[in-house]
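Novice: First the structure, which I've put down as structure tokens, then a few questions once you've had a look.
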Amino acid sequence: MNLGTRKILDRSFTALGIGSIVIMALALMIVIVPIVTNGIGALFFTGTVEHRKMLFHEFKRGDSQKLTEESASAERYRAKVYEMLSGFEAELETMAPEKKREYQPKYTEVRTALQALLGPLPGDPEPMLTRFKYGQTRWEKAEAKLHDLLYEVKWDNSDPNVMSKEYFVSRAISFEGTSLVKLFPYVENNISKMLLPEFTFYWGFITDSSVDSHFFGGIWPEIQGTFFLAVGAMLFAFPLGVIAAVYFTEYARPGFFNSMLRSANSTLAGVPSIVFGMFGLAFFINTLKVSESKSVIAGALTLAIMILPTIIRAAEEAILAVPKTYREASLSLGSTKWNTIVTVILPAALPGILTGGVISLGRAAGETAPIIFTAAVSVGSAIGLADVFSSPTPALSWNIYNLASEHEAAAQIRHVQYGMALALVSIVLLLNLSAIVLRARISKKLKG
Amino acid sequence: MTDDASQNLQSSSVKRATREMYLPPERKIVAGGGTPHIVAKEFSIYYGEFEAVKKVSADILSKYVTAIIGPSGCGKSTFLRSINRMNDLIPSCHTTGALLFDGEDVYGKFTDEVLLRKKVGMVFQKPNPFPKSIFDNIAYGPRLHGVNDKKKLMEIVERSLRKAALWDEVCDRLDKNALGLSGGQQQRLCVARTLAVEPEVLLLDEPTSALDPKATAKIEDLIQELRGSYTIMIVTHNMQQASRVSDYTMFFYEGVLVEHAPTAQLFINPKDSMTEDYITGRFS
Ligand SMILES: Nc1ncnc2c1ncn2[C@@H]1O[C@H](COP(=O)(O)OP(=O)(O)OP(=O)(O)O)[C@@H](O)[C@H]1O
Ligand SMILES: [Mg+2]
């Protein structure tokens, strides 16, 4: 091959390499950027007075005097709305029966929209669910609800050949000629005075437990559950994995038994995680009965089995990478094999072993399937350390899935779901980062 | 040098001149009796089927320096490493015949190889300090054998480093990582680390092959200093070095111990023509 072709080949390969890296980075951006921007929105947003009321009543947090003043001020503007409502209700009574029948359902829609916007209206019974006790706590949601109040959705299916199209009709028009027609421009113009939007940093999103299945409140139970599960899995898998790796590298005699063990280990690494979930249920809960039903311990054990092969692999590689000369030096000084492993081999292999460990920890934190049957519940409070043997726990990975698909009001609490995704990504990223830092520090210490 | 010229060099007068060049004038011990410390009897070492060391019989005398020379691949390292059973690390390696240390069979069924290695220290061709501090490197052996008292350890560390002529260079940075030392310093550190265990025998496998002349001289001085208190065996490719530092020399060729004699005798008046060819540089 002549110089020219070689250069062209080199260049095209470089271009290919850079290209694939760029594509990977772009794909990563496409995933990460919405998670970050939307997730941040769970912490930083424009909150309304309803949010502050909720915080005060559910979490006993906030400035009670300021809240009283704010409520009073908001209430002054709302009072006008309530007045118009009662005025129209009175007018409704005086209408001819067929007129009344026409307006009654339309009026109910207006009331519902107002309830969603401002919370229970005067005369409403005390709602059972917390989610109905407050109006919109987030300003962008309030704006959407305002739109619902002002406009009625209609579907245009005049043309049978195309899918019916959505269009909006102003509600004010349908109330033309009644006293209620003034309500719409009034609410539109005074909505911010009724809700008092204000920039909010809701740090409680990290530390609060959820209220009314994630309608309000934070994700602390999920964070804590994830932490318990991942750390619990590590507590089992890390020592076991390192011991197994030491056995494979230092003690196992090459032979049929050994190669079978090794291939079993590799196979285990490739088993889909849902299978581990089923296994965990069948083995830890039904057979060993580590707990009555789902529990943190059962989930941690299942995750431990799942990450064990990775830890063994990483530790094995790290141990094999320790220069033979260290072993020779130690043995030649009259050290026993065991002592050599503990005082020389393992310390030298530590960076690699730890990296494998932390990456596995991140994986344990992020896996959903293994904990579905063994540990996870959708909604729950943070559990105490003593309860890990008996209670299940909410966890980030499972609840992201749950909020995305199973939750009855998934569309209304997207910000919570994104917040959870961001929390999980941050935790895993943080773990990996700490692995890198730890590795660098230990390597530096080893290299002098 | 052309082939013709090298042929001419083989004339006997040149041969003698070459040989005498190896001998420093102040060499005192020419030959002498002594108690055998290590005894090989028909001792063979195999790597699987391959016999790397063939039926070696030799007495290695206590407190003398014995050099092992021979062309590359002739089994010098293999023989040396068999004395403290470092060959155990190679699964395919096994031995026949007998090797006695202090009259006891090194490869006996009940031999404690850990205890043996404590008595037979080794320094390797490439310096191999642990990735720990200088102090911890030297203290590694004593700690293994039960010394934990800080003051006592410090004493041992200082004594060993002084013996290895390294103390002055490192005394103010004992807590620094040993891998930060130069190659020569690292090698002397390895010697000090071995000395700290207070072995009876010191095995040196080409200890200076990775070092510059200055560091080499220091190691050689060190051997001179330790001579008389330790039984020392040194593998070397450097004939001058062998003649400078050793009392006895063993010449191996393809696994066979060709000649084993007092160094002066082996270099001036070799019995075997193969030895003569080797030390005069006919082959390497
Ligand atoms: N681990 C091993 N497995 C198989 N054969 C080996 C092994 N180590 C060494 N040998 C062989 O044994 C013979 C002697 O090797 P040895 O290392 O003792 O030579 P040496 O004299 O020390 O050579 P050098 O001067 O190059 O260090 C060589 O032929 C070598 O190929
Ligand atoms: Mg060698």
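Novice: Would you pick out the residues in the range B:164-178 that are within 14 Å of chain A (Cβ to nearest Cβ), surrounded by 19 or more Cβ atoms within 10 Å (Cβ to Cβ) and assigned to a loop (DSSP other than H, G, I, E, B)?
Specialist: Of everything in the range B:164-178, just one residue is within 14 Å of chain A (Cβ to nearest Cβ), surrounded by 19 or more Cβ atoms within 10 Å (Cβ to Cβ) and assigned to a loop (DSSP other than H, G, I, E, B), namely B:174.
Novice: Additional query: From (1) among the charged types (D, E, K, R); (2) under 22 Å from residue A:56 (Cβ atoms); (3) at pLDDT 90 or above, pick out the condition that doesn't hold for residue A:124.
Specialist: Status for residue A:124: all satisfied but (3).
Novice: Across the range A:143-193, what is the number of residues that are over 23 Å from residue A:87 (Cβ atoms) and outside any loop (DSSP other than H, G, I, E, B)?
Specialist: Residues meeting the conditions: 13.
Novice: Looking at this structure, is residue B:57 away from ligand 1 (no atom under 16 Å from the Cβ), at pLDDT 90 or above and surrounded by fewer than 16 Cβ atoms within 10 Å (Cβ to Cβ)?
Specialist: Answer is yes for this residue.
Novice: Looking at (1) surrounded by fewer than 20 Cβ atoms within 10 Å (Cβ to Cβ); (2) within 16 Å of ligand 2 (Cβ to nearest atom), which is the only condition residue B:203 fails?
Specialist: (1)
Novice: Further, regarding this structure: Which condition number in (1) farther than 20 Å from residue A:331 by Cβ; (2) in a strand (DSSP E or B); (3) within 14 Å of another protein chain (Cβ to nearest Cβ) is the one that residue B:121 fails?
Specialist: (1)
Novice: Quick one: residue A:301 ticks every box in (1) facing another protein chain (nearest Cβ under 10 Å); (2) in contact with a Phe, Trp or Tyr (Cβ under 6 Å, 6 or more places away or on another chain) except a single one, so which number is it?
Specialist: (1)
Novice: Would you say residue A:242 is in contact (Cβ under 8 Å) with a residue 24 or more places away in the chain, away from chain B (no Cβ under 14 Å) and surrounded by 12 or more Cβ atoms within 10 Å (Cβ to Cβ)?
Specialist: yes
Novice: Return yes or no: is residue A:134 under 14 Å from residue A:180 (Cβ atoms) and modelled with pLDDT of 90 or more?
Specialist: Against the criterion (under 14 Å from residue A:180 (Cβ atoms) and modelled with pLDDT of 90 or more), residue A:134 does not qualify.
Novice: Mind counting the residues in the range B:116-138 that are surrounded by fewer than 18 Cβ atoms within 10 Å (Cβ to Cβ) and either in contact with a Gly (Cβ under 7 Å, 6 or more places away or on another chain) or modelled with pLDDT under 90 (or both)?
Specialist: Matching residues across the range B:116-138 total 2.
Novice: From the set of residues in the range A:394-448 that are in a helix (DSSP H, G or I), within 18 Å of residue A:225 (Cβ to Cβ) and among the small types (Gly, Ala, Ser), which is nearest to the other protein chains (Cβ to nearest Cβ)?
Specialist: Restricting to residues being in a helix (DSSP H, G or I), within 18 Å of residue A:225 (Cβ to Cβ) and among the small types (Gly, Ala, Ser), the top hit is A:426.
Novice: Here's another thing I want to ask about it. Out of (1) away from chain A (no Cβ under 14 Å); (2) of a type outside the set (D, E, K, R); (3) crowded, with 16+ Cβ neighbours inside 10 Å, what's the single condition that is false for residue B:110?
Specialist: Exception for residue B:110: condition (3).
Novice: Evaluate the following for residue A:320: is it surrounded by 21 or more Cβ atoms within 10 Å (Cβ to Cβ) and in contact with a helix residue (DSSP H, G or I) (Cβ under 8 Å, 6 or more places away or on another chain)?
Specialist: no
Novice: So, one more: So, residue B:79, is that one at pLDDT 90 or above and within 16 Å of ligand 2 (Cβ to nearest atom) or not?
Specialist: Criteria met by residue B:79.
Novice: Would you please list the contacts, defined by Cβ atoms under 6 Å and residues six or more apart or on different chains, that run from a residue in the range B:243-258 that is under 18 Å from residue B:59 (Cα atoms) and aliphatic (A, V, I, L, M) to a residue that is away from ligand 2 (no atom under 16 Å from the Cβ) and outside any strand (DSSP E or B)?
Specialist: Sorted first by the residue in the range B:243-258, then by its partner, the pairs are B:258/B:272; B:258/B:274; B:258/B:275.
For every residue, the table says whether it meets (1) within 14 Å of chain A (Cβ to nearest Cβ); (2) over 21 Å from residue A:332 (Cβ atoms); (3) among the β-branched types (Val, Ile, Thr); (4) within 16 Å of ligand 1 (Cβ to nearest atom).
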residue	(1), (2), (3), (4)
B:218	no, yes, no, no
B:224	no, yes, no, no
B:230	no, no, no, no
B:259	no, yes, no, yes
B:280	no, yes, yes, no
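Novice: Let me ask another. Residue under question is residue B:215, and the condition is that it be over 24 Å from residue B:59 (Cα atoms), free of Cβ contacts under 8 Å to residues at least 40 places away in the same chain and aliphatic (A, V, I, L, M); does it hold?
Specialist: Against the criterion (over 24 Å from residue B:59 (Cα atoms), free of Cβ contacts under 8 Å to residues at least 40 places away in the same chain and aliphatic (A, V, I, L, M)), residue B:215 qualifies.
Novice: Quick check on my filter: what residues within the range A:84-118 are acidic (Asp, Glu) and surrounded by 12 or more Cβ atoms within 10 Å (Cβ to Cβ)?
Specialist: If the condition is that a residue be acidic (Asp, Glu) and surrounded by 12 or more Cβ atoms within 10 Å (Cβ to Cβ), then A:89, A:91, A:102, A:109 are the ones that fit.
Novice: In the range B:62-78, what count of residues is obtained for those that are under 9 Å from the mean Cα position of the chain (by Cα) and more than 9 Å from ligand 1 (Cβ to nearest atom)?
Specialist: Residues meeting the conditions: 3.
Novice: Now, a different point. From the list A:165, A:182, exactly one residue is surrounded by fewer than 15 Cβ atoms within 10 Å (Cβ to Cβ), more than 26 Å from residue A:55 (Cα to Cα) and among the basic types (Lys, Arg). Which is it?
Specialist: Answer to the check: A:165.
Residues are listed down the side, and each one gets a yes or a no for (1) under 20 Å from residue A:413 (Cβ atoms); (2) in a helix (DSSP H, G or I):
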residue	(1), (2)
A:90	no, yes
A:93	no, yes
A:98	no, yes
A:103	no, yes
A:107	no, yes
A:116	yes, yes
A:121	no, no
A:126	no, no
A:136	yes, no
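Novice: Here is a follow-up. Does residue B:96 fit the bill of being touching a strand residue (DSSP E or B) at 6+ places or on another chain (Cβ under 9 Å), buried (at least 17 other Cβ atoms within 10 Å of the Cβ), outside any helix (DSSP H, G or I) and at pLDDT 90 or above?
Specialist: When the stated conditions are applied, residue B:96 does not pass them.
Novice: Moving on. Take residue A:199 and tell me if it is touching a residue at least 24 places away in the same chain (Cβ under 8 Å) and surrounded by 16 or more Cβ atoms within 10 Å (Cβ to Cβ).
Specialist: Here the answer is no, as residue A:199 does not meet what is asked.
Novice: If we keep just the residues of the range B:188-209 that are among the aliphatic types (A, V, I, L, M) and in a loop (DSSP other than H, G, I, E, B), which is nearest to ligand 1 (Cβ to nearest atom)?
Specialist: Taking the candidates together, the pick is B:197.
Novice: Any idea how many residues of the range B:220-258 are within 19 Å of residue B:183 (Cα to Cα) and out of contact with any strand residue (DSSP E or B) (no Cβ under 8 Å at 6 or more places or on another chain)?
Specialist: Of the residues in that region, 4 qualify.
Novice: Further, regarding this structure: Identify the single condition in (1) closer than 19 Å to residue A:248 by Cα; (2) more than 9 Å from chain B (Cβ to nearest Cβ) that residue A:370 does not satisfy, given that it satisfies every other one.
Specialist: Of the numbered conditions (1) closer than 19 Å to residue A:248 by Cα; (2) more than 9 Å from chain B (Cβ to nearest Cβ), the odd one out for residue A:370 is (1).
Novice: Let me ask something else about it. Taking residue B:245, is it away from ligand 2 (no atom under 16 Å from the Cβ), of a type outside the set (Ser, Thr, Tyr) and buried (at least 19 other Cβ atoms within 10 Å of the Cβ)?
Specialist: Spelling it out, residue B:245 is indeed away from ligand 2 (no atom under 16 Å from the Cβ), of a type outside the set (Ser, Thr, Tyr) and buried (at least 19 other Cβ atoms within 10 Å of the Cβ).
Novice: Under 8 Å between Cβ atoms, which residue pairs at least 6 apart in sequence (or on different chains) link something in the range B:76-93 that is facing another protein chain (nearest Cβ under 8 Å) and within 21 Å of residue B:110 (Cα to Cα) with a partner that is more than 9 Å from ligand 1 (Cβ to nearest atom) and among the polar types (S, T, N, Q)?
Specialist: Listed pairs, sorted by first residue: B:84/A:332; B:86/A:332.
Novice: Looking at residue B:130 and the list (1) part of a helix (DSSP H, G or I); (2) more than 20 Å from the chain's Cα centre (by Cα); (3) within 10 Å of chain A (Cβ to nearest Cβ), which single condition is not satisfied?
Specialist: Exception for residue B:130: condition (1).
The values are calculated or read from the model by the stated rules, or taken from the named source; none is laboratory data. Fair warning: this is a prediction, and the values are worked out from it, not measured in the lab. Ideal geometry is used to build each Cβ from the backbone, glycine not excepted, and the neighbour counts take in all protein chains shown.
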